[in-house]
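Structure first, then comments.
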Amino acid sequence: MQIHKQHRTYAVLIADVVASSARFNLRAILGKGLARVSHEHLKKGLVRLPYAVTAGDEFQTVISDLPRIAEVILDLRVRMRPLNLRIGIGFGGITGRVQAPVNRLGGPAFQLARKALESIKHDPEFKFEVLTAFRSGNRTFDSTANLIYGLQDTLVLRITKKQWETIAIFRNKRRLDRAAKALKVDVSTVWRNLKRAHFRQLEQTVQGMETLIRSSKL
């Protein structure tokens with residue numbers, strides 16, 4: 001009896017910056033931001049490798065645990081402000097040993113992440129603007145995940161600079177009163193900014209995607 005080796009499924013994230021040509025000194029801003037995010041995400045076990053800029057305004061990494069990809073996406077959007085990101089996620093195998101630098105790796109996961117990112121820019125699945133796309137070997141998962149993020153991105157695109165700042169501080173402090181103190185505003189202002197930024201919906205998306213990924217055959 002022939003035994004078939006089971007190949008591990010990885011999640012690869014490839015992202016680029018929206019309207020990058022309009023940003024002065026983008027390379028320095030991107031490098032500084034990714035160094036900071038890499039430190040935090042490696043410490044929290046969210047990614048396996050540091051984020052690496054691969055070409056111009058583009059960067060990539062390998063996610064540590066598939067269900068945590070939703071938390072990675074949200075945290076990237078918060079921490080990399082004021083940069084607005086397009087994010088493609090691919091699920092599949094990786095050729096060779098998974099080690100830094102990430103830009104020397106390849107395989108189906110990278111190919112699918114590339115297709116996901118390109119679909120946002122050139123072949124949108126929906127007739128409205130999106131910032132996030134998923135590709136895997138599971139059509140049902142892809143359809144569901146892309147619908148969820150297509151709807152969420154509609155909300156994300158409406159979040160103001162002040163609301164992003166409030167989200168960042170609240171995610172760090174985890175209490176309205178502490179966030180209010182850090183922002184030097186009253187608690188009602190923090191609550192109102194979070195509500196207008198659809199923060200609860202963003203968190204529910206993270207939880208919902210974790211459940212979807214755990215229940216899907218990727």
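The values are calculated or read from the model by the stated rules, or taken from the named source; none is laboratory data. Treat the numbers as computed from the prediction; the structure is a model and nothing was measured. Ideal geometry is used to build each Cβ from the backbone, glycine not excepted, and the neighbour counts take in all protein chains shown.
Each row is one residue, and each column tells you yes or no for (1) among the aromatic types (F, W, Y); (2) modelled with pLDDT of 90 or more; (3) not in a helix (DSSP H, G or I).
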{"site": "A15", "(1), (2), (3)": "no, yes, yes"}
{"site": "A28", "(1), (2), (3)": "no, no, no"}
{"site": "G31", "(1), (2), (3)": "no, no, no"}
{"site": "H41", "(1), (2), (3)": "no, yes, no"}
{"site": "T54", "(1), (2), (3)": "no, no, yes"}
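Every condition in (1) surrounded by fewer than 17 Cβ atoms within 10 Å (Cβ to Cβ); (2) part of a helix (DSSP H, G or I); (3) touching a Leu at 6+ places or on another chain (Cβ under 9 Å) is met by A145 except one, and the failing one is (1). Close contacts from region 183-201, counting a first residue that is free of Cβ contacts under 8 Å to residues at least 40 places away in the same chain and a second that is in a helix (DSSP H, G or I) and acidic (D, E), with Cβ to Cβ under 7 Å and a gap of 6+ residues or different chains, come to V187/D177.
Regarding V72, is this residue hydrophobic (A, V, I, L, M, F, W, C), surrounded by fewer than 20 Cβ atoms within 10 Å (Cβ to Cβ) and within 18 Å of Q152 (Cα to Cα)? The answer is no for V72.
Give region 91-111 a look and list any residue that's touching a Pro at 6+ places or on another chain (Cβ under 9 Å) and surrounded by 17 or more Cβ atoms within 10 Å (Cβ to Cβ), or say none. If the condition is that a residue be touching a Pro at 6+ places or on another chain (Cβ under 9 Å) and surrounded by 17 or more Cβ atoms within 10 Å (Cβ to Cβ), then F91, G92, I94, V102 are the ones that fit.
Please pick out the residue among V37, V72 that is in a helix (DSSP H, G or I), within 18 Å of I213 (Cβ to Cβ) and of a type outside the set (D, E).
Numbers: V37 fails: within 18 Å of I213 (Cβ to Cβ).
Result of the check over V37, V72: V72.
Number of residues in region 72-113 that are among the polar types (S, T, N, Q) and either without any contact (Cβ under 8 Å) to a residue 40 or more places away in the chain or touching a Gly at 6+ places or on another chain (Cβ under 9 Å) (or both) equals 2. Could you please find all residues in region 115-168 being aliphatic (A, V, I, L, M), more than 23 Å from T189 (Cα to Cα) and out of contact with any Lys or Arg (no Cβ under 7 Å at 6 or more places or on another chain)? Passing the criteria: V130, A133, A145, L147, I148, L151. When each of A133, A116 is tested for being over 16 Å from Y51 (Cα atoms) and in contact (Cβ under 8 Å) with a residue 60 or more places away in the chain, the lone residue that passes is A116.
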